[in-house]
Amino acid sequence: MPNTFKKLEIGYKKTCNCPEKHINCLEAKEWVRNQVAIWEFFYEKRDVRDKNIHPAVFPIALPKKCIELFTHKGELVLDPFLGIGTTLVAALDSDRNAVGFDLNKKYTDYSKKRLAQPKLNFSVETKQIVVCDDAINIPKYLEKETVALSVTSPPYANMLNHQRLNKSIRGDLRKNEHYLKVQQYSNNPRDLGIMKLQEYIEALTEIYKGILPLLKPRAHCIININDLWENNRRYSTHSYIIEAMEKVGYEFRNIIIWDKRKLVNRVGIYGWPSNYITLSTTFEYILDFWKP
């Protein structure tokens, strides 16, 4: 971890000609499509789906949709839990400046490699900066009221800290190279992915408390999350996060369902015939807050 901190030199002002009251560069028809609260995304060739590289990724299309919905060209996007850089790739494509943080040097190194790809268009000169550091230190890198959007999919509270099992009746069809492996992000005690749920919520709350002053007034903050299933019990992680975010000053605005049914293959029968369990792999929550 660095011993001294210097504010990052990165743009944050919009470069488009949109009216001041507009929150994005979208036309009315695009706006209407985004008002439907169930979203679908599909992977493209540039997406990384290899679990040996990262155990939990989302498609470029998810942060790209959020970036285009809540920011203007040239503005600054923040990802507090960068992983392998998907949000920064989406920002690069969308002519937005962006900075992402991750504890794991393996992931930040991979993110930098992804960002070395050719840019899809060159209409606006932007920066995408990768920082290997704890998200709790983000306020030391950025000026107050410069971030137009925070968007991320944080580690899911101890969800990966166990052996992968095949609980489906069709388990013989689902066995793969990850069967019985623990695919954890890291062993760093500050890694949210190895924390128990209460500790996880407390750590996440402190991080977002520090991020709040960095956001512009009415800047949005997007958290993509799934509920935790552990020891035959479902924990409503999304509701705990909503409560925690409101306590530190965010205003809850929207809840969006990421419909993943078309991305799930070979679904088996779980719980039959005595224990009804909905498949959490078929949907996730996209929680939308803003700074009042």
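Quick note: the coordinates plus some simple rules give every number you see, no bench work behind them. Remember, predicted model here, so these are calculated numbers, not experimental data. Because the Cβ atoms are built from the backbone with ideal geometry, glycine has one as well, and the counts that use them run over all protein chains shown.
Fewest-first ordering of Y12, Y43, Y107 by other beta carbons within 10 Å of each residue's beta carbon gives Y43, Y12, Y107.
Remark: L215, L228 ranked as L228, L215, counting other beta-carbon atoms within 10 Å and listing the fewest first.
For the stretch 265-292, backbone nitrogen atoms closer than 16 Å to the point 7 Å from F252 Cα along Cα-to-C-beta are found at 285-292. Using 0.36 nm per residue and subtracting the Cα-Cα separation, the extra length available between K105 and Q198 on full extension is 30.8 nm.
Packing here is the average count of other Cβ atoms within 10 Å per residue, and on that basis the peptides 81-93, 276-288, highest first, run 81-93, 276-288. Here the residues D191, D47, ranked from fewest to most Cβ neighbours within 10 Å of their Cβ, fall in the order D47, D191.
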